[in-house]
Each structure stands twice: as C-alpha cells, then as structure tokens.
Amino acid sequence: MKTMVVLGMLAALCTPLSYAETRGEQLYETYCSQCHGLNGAGGGINVPDMAVQPRDHTDTAEMSARTDEELAKAIREGGKAVNKSVLMPAWDSNLSDRQIDDLVVYLRHLCCEQ
Amino acid sequence: MVRTLETILAIASLVVATEMVFGAEAEFVQENCASCHALTEPDFEALGIEARAERKAPPLYYAGDKYRRDWLVEWLQAPERIRPAGVYPPAHISSSPDGDEIDEASLPTHVVLDQSQAERVADYLSSLRPYQERIDSVTYEPGSISWRMGQMNFVKFNNCIGCHQDEPGYGGVSGPELHTAWDRLRPEFIFSYTKDPVSWDPHTMMPGGDLNDGAVEKLANYLKAVSEEAE
C-alpha cells in the first residue's frame, strides 16, 4: 500500500505537461514571469521595488481557494477586478480567451500538481 | 481614375527614390544588423508567441516612426544599455530560492559605428515609416505636469513602475528604462505605444492599456519632465 502511494507521488512528480499546459507554460514565461518569477513562486525580477508582492502561484492552499473563473477574471481584467492590487495588470488586449484558458490550466499545474 | 494613377506613380517613385538614395545604407544594415533586428514586419500570427522568446533585438522596421534621428546618431556611436534584463528577460535570468536574478554577464554588448556610418544609418532607419499614418493621427501636444501628479500617475494609478525605471536604478527591469524615453523616442510614438502597445507589436510583453487619452497625455508629459530633470 505504502509503495503504491509513493509510486503514485512519483508519477505525479513526473507527469509530462499536456498540450494546454505546454502552451500555458510558454505564455507564463513570456508575460507573467516578469513579476511572478520563472518558477511561479512570486520572485520575479520586477519584485524588489514593487509595493505589493505578486501572488505565489505555487501556494497550494491559497490557489486552491480560487475557482478557475476567478483566476481567468484576474488575468483578463486585472487585480482591481477581483479586489486585488492594480499592480496585477489586465491582459485582455494581449491574450485571447483560449490563451487565458491555457494559463489557468498551467496555474493549476503550478499550484497543485507538483 | 487619373488621380489614382497619379497617386500610384507618386508612391512608386517614392519607393524607388528611397531605394536609390539609401541603396548602400540598406545593404549595410541588411548585412550587419538583420541577424538580430527585424527589418521587415514578421508574420506574428503564423509565428506564434514562441517567436517572442527567440527575439534577439528590438524590431527596426518601423524605426522612423519610433526613434528621434539625433538620438540614433549618438547611440549608434556609443551604445548604452536600455533594457536592464535584455530583450527577452527570461533568457537572462537565473532562478534561485530567493527569487530571480539578472545574469549580467549574459547581456550582449552592441556593435559600434563610426560617425559617418551612424549618420547614414540613422538617415536610412528614419526613412522606415510603415506606420506614418498612425503617428500623424496622434494629436498629443507635449505639455507640463507637476512632479507629484506625474509620479502618482506613473506609479500609483497605472503601475508603469512595475516594469519600467523612471530614474536610474529604481523601478521594474523587464521593460526598457523610461528615464531616457523622451530623448530616444518621438513624442507621438510614446503616446501611441502607451495607449495601444499591441497595435505596434502583437507580441509585446507590455499589457495593453485601457487608458484614455487624458491619462496617456499625463504619462507622456511625465516622461518629458523626467528626462528634462536628468539634464
């Protein structure tokens, strides 16, 4: 039984990214890592002089408390649309709906599948 | 009908004239600069966002709509870094548990031109104006803004500071430094790019503003004030 659990955890660690996750990963690197960091933990290069720290997207507890719709809305309309800081920009002019969906899938991978 | 033909002829002769006037310069730029800089508009749609990760240098195919000629002449002879983390920051970052850091050693130094080369290349680049109409349609008149109001707009209301420095060493580093923007860029370009960056570059890493003209004017005036302060 224990072995099964360990094997299961190992499998989860090594899960290859789905197509949507791969697309989301590329988008995340280009647009989001500037602030949220390359590994998603919130330590991007812009952070030292920022008044509000970007969300740590690997924080399982916090991120699990958000629905996919809430995450998509934050990306599309920016922090102020979800009662968060304007330091989180709105990306609706840059990203298509499908790209935003791919990002949400990747955020779920970051927070909860590793 | 006649007028259309005249227009076509006029445009055609303009194109031919540009090529004749700048034949040598165009060839020089093609040979020495095209390996890094886009000199024609890429097919963004077909390339996909992966192409942004491979971009080696800022596009120059609309250089005449973007840069001040005199700045080009000077910078090409004495290039100084504009983007603290390079053209594609993720390529110049090392990730550590304490956060991401710029790997300074990985940032390239730029080729230097002599004065006569710089003058001729600047003239040629200034002739590249595919978006002249867009620039001509900008009605922004540079004006002044108080230091405090300007900063409120740049920092608090619009978070430009998140990605750009408005003084050396302070602000975000993923975007080009903006304390030199007024010296580098045409005022109409600053206005137009701030208002709608995606129309200039579908792969821009800058979020498209939902800014109205008044807000953009204040930001442009602030960049003017910032660079005048530096002088």
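The values are calculated or read from the model by the stated rules, or taken from the named source; none is laboratory data. What you see is a predicted model; the values in this text were computed from it and never measured. Please note: Cβ atoms are built from the backbone with ideal geometry, for glycine as well, and neighbour counts cover all protein chains shown. Each accessible area value is taken on the protein alone, full model and side chains, heavy atoms only, with ligands, DNA and RNA left out. Shrake-Rupley method; radii C 1.70, N 1.55, O 1.52, S 1.80 Å.
So the values come out like this:
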{"read-out": "Which listed residue is modelled with pLDDT of 95 or more, acidic (Asp, Glu) and open to solvent by less than 20 Å² (accessible area, probe 1.4 Å), from A:Asp102, A:Asp97", "value": "A:Asp102"}
{"read-out": "Residues being open to solvent by 30 Å² or more (accessible area, probe 1.4 Å) and among the aromatic types (Phe, Trp, Tyr) - total across the stretch B:209-228", "value": "0"}
{"read-out": "Residue satisfying all of: in the stretch A:12-31; over 15 Å from B:Ile93 (Cβ atoms), more than 9 Å from chain B (Cβ to nearest Cβ) and open to solvent by less than 20 Å² (accessible area, probe 1.4 Å); modelled with the lowest pLDDT among these", "value": "A:Glu21"}
{"read-out": "B:Ser94 among the small types (Gly, Ala, Ser) and under 19 Å from the mean Cα position of the chain (by Cα)", "value": "no"}
{"read-out": "Exclusive hit being under 18 Å from B:Asp98 (Cα atoms), within 11 Å of another protein chain (Cβ to nearest Cβ) and surrounded by fewer than 21 Cβ atoms within 10 Å (Cβ to Cβ), set A:Gln53, A:Gln34", "value": "A:Gln53"}
{"read-out": "Odd one out for B:Ile82 among (1) in contact with a Pro (Cβ under 6 Å, 6 or more places away or on another chain); (2) open to solvent by 40 Å² or more (accessible area, probe 1.4 Å)", "value": "(2)"}
{"read-out": "Hey, B:Ile161 touching a helix residue (DSSP H, G or I) at 6+ places or on another chain (Cβ under 6 Å), modelled with pLDDT of 95 or more and facing chain A (nearest Cβ under 8 Å) or not", "value": "yes"}
{"read-out": "Filter result for B:Thr204 (polar (S, T, N, Q) and in a loop (DSSP other than H, G, I, E, B))", "value": "yes"}
{"read-out": "Residue that is over 18 Å from B:Leu223 (Cα atoms), in contact (Cβ under 8 Å) with a residue 40 or more places away in the chain and not assigned by TED's automatic domain parsing to the domain that holds B:Trp75, where the choices are B:Ser199, B:Ser192", "value": "B:Ser199"}
{"read-out": "Residue ID - surrounded by the fewest Cβ atoms within 10 Å (Cβ to Cβ), chosen from residues in the stretch B:30-54 that are of a type in the set (A, V, I, L, M) and closer than 17 Å to B:His110 by Cβ", "value": "B:Ala34"}
{"read-out": "Set B:Leu76, B:Leu128, B:Leu72, B:Leu113: member being touching a Gly at 6+ places or on another chain (Cβ under 7 Å) and either of a type in the set (A, V, I, L, M) or away from every other protein chain (no Cβ under 14 Å) (or both)", "value": "B:Leu128"}
{"read-out": "Any hit, the stretch B:186-208, residues being modelled with pLDDT of 95 or more, buried (at least 21 other Cβ atoms within 10 Å of the Cβ) and basic (Lys, Arg)", "value": "yes"}
{"read-out": "All helices (runs of 4 or more DSSP H) inside the stretch B:92-175 with 3 or more residues being open to solvent by less than 60 Å² (accessible area, probe 1.4 Å) and in the same structural domain as B:Leu72 (by TED's automatic domain parsing)", "value": "B:115-126"}
{"read-out": "Any hit, the stretch B:183-198, residues being more than 13 Å from every other protein chain (Cβ to nearest Cβ) and part of a loop (DSSP other than H, G, I, E, B)", "value": "yes"}
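Let's see how each residue does on (1) free of Cβ contacts under 8 Å to residues at least 40 places away in the same chain; (2) within 13 Å of another protein chain (Cβ to nearest Cβ); (3) within 14 Å of the chain's Cα centre (by Cα):
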| position | (1), (2), (3) |
| --- | --- |
| B:Ser146 | yes, no, no |
| B:Met149 | no, no, no |
| B:Glu167 | no, yes, no |
| B:Val173 | no, yes, no |
| B:Gly209 | no, yes, no |
| B:Val226 | no, no, no |
